[in-house]
Amino acid sequence: MEEELRCFVCKEFYKEPVLLPCGHALCRVCAVGLQSHLPEVDNASGTAIDYQEADKASVSSETDSGVVCGSRPNSFAGTPAASAYASAAFTLTCPQCNKQVFLDDNGAEGLPPFRVMRTIVERFGGVVGAPPAEEACQMCEGERRAAVVRCEQCSVRYCAGCRDAWHPTRGPLAQHELRALGTTCSDHGSPPVLYCNTCLVPICQRCLAERHSTHETQQLSSAARAYKTELSQSLQQLSEQAKAMTEYIQVVKGSGDKINESCEELERQIDQACAEVTRAIDRRRDELVRAARNTRSQAIANMRSLTSHAAQKLREATSLLHFSIEALKESDHAAFLQVGNILSVRAQETAAGLCSSLDPPPSPPALTLDIEPVLRTVRTMNFVECIPPGAPEMAVEACAARGCSCTLAWRPPAAPAAVRGYVLELDDGLGGPFREVYCGRETVCTIDGLHYASLYSARVKAFNGAGEGPYSEVIGLQTSQVAWFSWDARCAGAEGALSLGAGGLSARAAGWQPRVVLADQPLARGLHYWRLRIDSYDGDADPAFGVARADVARDKMLGSDALGWAMYIDGSRSWFVHGGAHGGRAAGGIARGRSVGVLLDLTRGTLRFAVDDQAQGDVAFTGLRGAFYPAVSLNRGVAITLEPGLPPPPELLMANLAIE
């Protein structure tokens, strides 16, 4: 705590400490020595305006740090535009935070006394200097001490010793009223009784009537208790961070033993390796030993530097902690409120930044010795780093998602660690766990078979003989919102019963036996709508349209087994078919030139059908979960053309939502 009790300028215990608006303290003599005159300007009005603007900036910066006291006796933060002085005569720059303070004609002599600091310095045996005349004991002989009470009848101020000696509380003086001295209003000389929450200053009753009648106020003791509570909470946080700092120092010190053990082991490896080769490598062996010892020296020096840095931060935090605890003991509420908020802010800032700027403890060097080279390479023998590689960097400009595929590219990690390969991981598109999709030496990979309308996250890591390195940053890839697909060419039979054309979009059957044709990609997520245009229809065929699983029966009408969901339709009516069961009969059929629409909503698990974009019956099927292939079953006399990736008709979509 001693660091808090010494002046930043003279390095001595504070003598007659004063409080700057920024919240730091100085000896009054030191403050006077640091102040400087402002240059005079002929135009007095211009000077007043410039000073007021400068004062606004000063007040703004003070309130940012929670400081609410000003350098002028009758000024207060919160009303910078109504400056009490037409001009500033002095300026002072805080030596700790470099904030500039403007002072009136009184200069640093007008700065408020830092009562809490003076009390704590006196409590710990420091010399604070003679108090001001208006605060000194009137009965002391020789060196004056600060008065603690004033007799209302005698009109005399007494320090604690003189009070006991010259004004005992017995005998004829027992009826006299001794009033404890403390902070008084600088404008009216009365003790403050209220605290203005608007201006953040203690005020007396006359201040309340003159300038603070419309402000929010509370009892001085209540405000002091609130700030003490806040400071106590901040100190608790600071104490926890100080404990963490102590543990960190122990970890740093403990790493020294591991460093010594590792370096000793490294020396033994060097000696053993050099013993296996000829005398030609003796000189090189000595060089390697010196290098290993130098590594240890550097590591230990780094450890000591980290320990010293952490210990310094801990001392500063501990000093502030003890000083703030002593400030909590202050019985003069006004004096405490003068600094309570400042200490709370400092404690919070110190706690927040205590461990954030520290480097990790040094780790033992991961080194080994390569003894494979023959004698002609002995002179180039050196240490080899035995550490995993760093994190690769995703080449965002080369990554792309197209349809239900994505291409990912990355850059190797920075040298010197060698890389044997990479592991690429991808999630399930729904924020689920990552899974490995690629392992190899290439730095680019294309993944097919993803779901439409999904946001995938990908990451990559490198590995070598020492292990795996950290992951790269996670990159997101959005697959297409609309499903684009065509008929699977493998569905065309060798006997010519089913033929495909137009780039895999058209299909035609040649026999009376129904043949099922599936799309080349499944659908597992999202909302999808596609149409099947009727290019040919003779009225005797039995076409069915819908979706199916991959292993649906291919030589039956779609919907005849449990793996197909379809709508069978002819020239005048339609039925819904699944597992060989028919239902949902609806009027209206198809003809050449018309189209059948299929609306698959995998978010709600429903399947609907439309004819010329008009709903054909109600919702056909519900509870659909998993992956489905768009499908049709055709026989002789029917030819269709697939139109994938269409927006759903608004009427059909609204009807689907209304049913839900």
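Key figures for this structure:
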{"item": "Set S499, S472: member being in contact with a strand residue (DSSP E or B) (Cβ under 9 Å, 6 or more places away or on another chain) and either within 30 Å of M557 (Cβ to Cβ) or modelled with pLDDT under 90 (or both)", "result": "S499"}
{"item": "Evaluation of G503 against (1) open to solvent by 50 Å² or more (accessible area, probe 1.4 Å); (2) in contact with a Gly (Cβ under 8 Å, 6 or more places away or on another chain); (3) without any contact (Cβ under 8 Å) to a residue 24 or more places away in the chain (one fails), failing number", "result": "(2)"}
{"item": "The lone exception for V128 - which of (1) more than 23 Å from F323 (Cβ to Cβ); (2) crowded, with 19+ Cβ neighbours inside 10 Å; (3) at pLDDT below 75 it fails", "result": "(1)"}
{"item": "Residue count for the range 586-603, restricted to those that are open to solvent by 40 Å² or more (accessible area, probe 1.4 Å) and either of a type in the set (S, T, N, Q) or under 59 Å from the mean Cα position of the chain (by Cα) (or both)", "result": "2"}
{"item": "Residue count for the range 524-560, restricted to those that are small (G, A, S) and either under 20 Å from A591 (Cα atoms) or open to solvent by less than 10 Å² (accessible area, probe 1.4 Å) (or both)", "result": "7"}
{"item": "Residues located in the range 566-584, provided they are touching an Asp or Glu at 6+ places or on another chain (Cβ under 8 Å) and under 15 Å from L607 (Cβ atoms)", "result": "Y568, G579, G584"}
{"item": "Meets criteria (open to solvent by 90 Å² or more (accessible area, probe 1.4 Å) and part of a strand (DSSP E or B)) for R490", "result": "no"}
{"item": "Candidates E326, E330 - the one that is under 24 Å from P192 (Cβ atoms), among the acidic types (D, E) and in a loop (DSSP other than H, G, I, E, B)", "result": "E330"}
{"item": "Extreme residue, nearest to V339 (Cα to Cα), among residues of the range 97-108 that are exposed (fewer than 15 other Cβ atoms within 10 Å of the Cβ) and modelled with pLDDT under 85", "result": "N106"}
{"item": "Answer residue from the range 1-12, given it is open to solvent by 10 Å² or more (accessible area, probe 1.4 Å) and at pLDDT 85 or above and is farthest from L92 (Cα to Cα) among those", "result": "C10"}
{"item": "Single residue of the range 439-457 satisfying the filter (within 31 Å of the chain's Cα centre (by Cα), of a type outside the set (A, V, I, L, M) and under 23 Å from Q521 (Cβ atoms)) that is modelled with the lowest pLDDT", "result": "S454"}
{"item": "Residue within the range 633-643 that is farther than 27 Å from A550 by Cβ and either without any contact (Cβ under 8 Å) to a residue 40 or more places away in the chain or among the polar types (S, T, N, Q) (or both) present", "result": "no"}
{"item": "I325 being in contact with a strand residue (DSSP E or B) (Cβ under 9 Å, 6 or more places away or on another chain) and aliphatic (A, V, I, L, M)", "result": "no"}
{"item": "Unique match (being open to solvent by less than 20 Å² (accessible area, probe 1.4 Å), at pLDDT 90 or above, of a type in the set (V, I, T) and touching a Pro at 6+ places or on another chain (Cβ under 7 Å)) among V460, V423", "result": "V460"}
{"item": "Conditions (1) assigned to a strand (DSSP E or B); (2) closer than 26 Å to G511 by Cα: number failed by A610", "result": "(2)"}
{"item": "Qualifying residue in the range 284-295 (condition: modelled with pLDDT of 85 or more, open to solvent by less than 40 Å² (accessible area, probe 1.4 Å), outside any loop (DSSP other than H, G, I, E, B) and not hydrophobic (A, V, I, L, M, F, W, C))", "result": "no"}
{"item": "Qualifying strands (runs of 3 or more DSSP E) (wholly inside the range 438-479; at least 3 residues being closer than 20 Å to A391 by Cβ and in contact with a Leu (Cβ under 9 Å, 6 or more places away or on another chain))", "result": "455-464, 475-478"}
{"item": "Yes/no for P364 being under 30 Å from N260 (Cα atoms), free of Cβ contacts under 8 Å to residues at least 12 places away in the same chain and not in a helix (DSSP H, G or I)", "result": "no"}
{"item": "Scope the range 561-576; condition touching a residue at least 24 places away in the same chain (Cβ under 8 Å) and not acidic (D, E); matching residues", "result": "G564, W565, A566, M567, Y568, I569, G571, S574, F576"}
{"item": "Test: residue in the range 602-616 that is farther than 22 Å from P650 by Cα, out of contact with any Gly (no Cβ under 7 Å at 6 or more places or on another chain) and among the polar types (S, T, N, Q)", "result": "no"}
{"item": "Residue list for the range 109-120, filter: assigned to a loop (DSSP other than H, G, I, E, B) and surrounded by 23 or more Cβ atoms within 10 Å (Cβ to Cβ)", "result": "L111, F114"}
{"item": "Failed condition for A273, given (1) free of Cβ contacts under 8 Å to residues at least 24 places away in the same chain; (2) in contact with a strand residue (DSSP E or B) (Cβ under 7 Å, 6 or more places away or on another chain); (3) of a type in the set (G, A, S)", "result": "(1)"}
{"item": "Residues within the range 500-559 that are part of a loop (DSSP other than H, G, I, E, B) and either of a type outside the set (K, R) or closer than 18 Å to F576 by Cα (or both), tallied", "result": "30"}
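Here's the yes/no breakdown for (1) among the small types (G, A, S); (2) more than 25 Å from A483 (Cα to Cα):
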position	(1), (2)
R411	no, yes
D428	no, no
G432	yes, no
V437	no, no
S457	yes, no
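Okay, residues lined up against (1) aromatic (F, W, Y); (2) open to solvent by 50 Å² or more (accessible area, probe 1.4 Å); (3) under 47 Å from the mean Cα position of the chain (by Cα):
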{"residue": "L173", "(1), (2), (3)": "no, no, no"}
{"residue": "D187", "(1), (2), (3)": "no, yes, no"}
{"residue": "C204", "(1), (2), (3)": "no, no, yes"}
{"residue": "C207", "(1), (2), (3)": "no, no, yes"}
{"residue": "Q218", "(1), (2), (3)": "no, yes, yes"}
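The values are calculated or read from the model by the stated rules, or taken from the named source; none is laboratory data. As the structure is a computational prediction, the values presented were derived from the model and not from experiment. Every residue, glycine among them, receives a Cβ derived from its backbone with ideal geometry; neighbour counts consider all protein chains shown. Heads up: the accessible areas ignore ligands, DNA and RNA and are worked out on the full protein's heavy atoms, side chains in. Shrake-Rupley method; radii C 1.70, N 1.55, O 1.52, S 1.80 Å.
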